[in-house]
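Heads up: the structure comes next, in structure tokens.
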């Protein structure tokens, strides 16, 4: 897990799928989303985002995914870290950025539900394994949302 803004050597690895995550902050809370019942990681919570498409920057990917999945516009901020996790169905490199909500009416189009939570509430949710290092960084103050 990198929490220091260092670029990843995994991003261009064809064996590891690159996925983005937004630590989306609004009014002092963070948006988290619960994966749907038909998802491989059903019931787990995550920081919203999605798979990086060919030729797409991580920042553009996050903006597109939040528009598609939640009908909102965001401003992507600082790169905060990455997490490589090897699931049974394949490995991912999850790269996370801080983000701010710019506009739109939040709709839950893909996930089962969403929640706005304070950092101290994150421990009450079961997160996908790739997202857990970011939860811990937030809880330990290694990622500031101010």
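The values are calculated or read from the model by the stated rules, or taken from the named source; none is laboratory data. Since the structure is predicted, the reported quantities are computational estimates derived from the model, not experimental observations. Please note: Cβ atoms are built from the backbone with ideal geometry, for glycine as well, and neighbour counts cover all protein chains shown.
Would you check if there is a residue in region 76-83 being farther than 19 Å from residue 119 by Cβ and loosely packed, with under 13 Cβ neighbours inside 10 Å? Checked region 76-83: no residue is farther than 19 Å from residue 119 by Cβ and loosely packed, with under 13 Cβ neighbours inside 10 Å. Considering region 115-135, the residues that are more than 13 Å from the chain's Cα centre (by Cα) and touching a residue at least 24 places away in the same chain (Cβ under 8 Å) include one that is nearest to residue 15 (Cα to Cα), namely 126.
Of all residues in region 1-46, those satisfying the criterion of being modelled with pLDDT of 80 or more and in contact with a helix residue (DSSP H, G or I) (Cβ under 6 Å, 6 or more places away or on another chain) are 20, 22. Here residue 141 meets each of (1) more than 15 Å from residue 41 (Cβ to Cβ); (2) out of contact with any helix residue (DSSP H, G or I) (no Cβ under 6 Å at 6 or more places or on another chain); (3) in a loop (DSSP other than H, G, I, E, B); (4) in contact (Cβ under 8 Å) with a residue 24 or more places away in the chain with one exception, condition (4). Of all residues in region 94-108, those satisfying the criterion of being within 23 Å of residue 40 (Cβ to Cβ) and modelled with pLDDT of 95 or more are 94, 95, 96.
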